[in-house]
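Student: Here it is, the structure in full.
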Amino acid sequence: MKFNNRFDFQDFLFNSFFVFMMLVVGSVFISVPFQVFYSTLATQKAINKQCKTDYTFKEVLFASEDLLKLCQTKQQTITIK
């Protein structure tokens, strides 16, 4: 690749960097929802198995910590000595 002057090379560098950054940002926007989906699905299966419940994907997605606390509270037993 031959450049006629310094500005052509700077434009090439800027365009290359811009394309690279768009690829990086695009891959983040694609990979993050898949990771959220997978972790929510795994949490849903674990909560439903451990607590013997039937929570939906949407319930686990928005309130997983609260559902875990409810499950722990529900499974506690009181012993009187």
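Student: Checking the structure you have, find out if any residue of the stretch 55-67 is modelled with pLDDT under 90 and not in a helix (DSSP H, G or I).
Tutor: No, the stretch 55-67 contains no residue that is modelled with pLDDT under 90 and not in a helix (DSSP H, G or I).
Student: Another question about this same structure. Filter the stretch 51-76 down to the residues that are closer than 21 Å to Val36 by Cα and either polar (S, T, N, Q) or in contact (Cβ under 8 Å) with a residue 60 or more places away in the chain (or both), then identify the one that is surrounded by the fewest Cβ atoms within 10 Å (Cβ to Cβ).
Tutor: Thr56
The values are calculated or read from the model by the stated rules, or taken from the named source; none is laboratory data. Small disclaimer: the values here were computed from a predicted structure and weren't measured. Please note: Cβ atoms are built from the backbone with ideal geometry, for glycine as well, and neighbour counts cover all protein chains shown.
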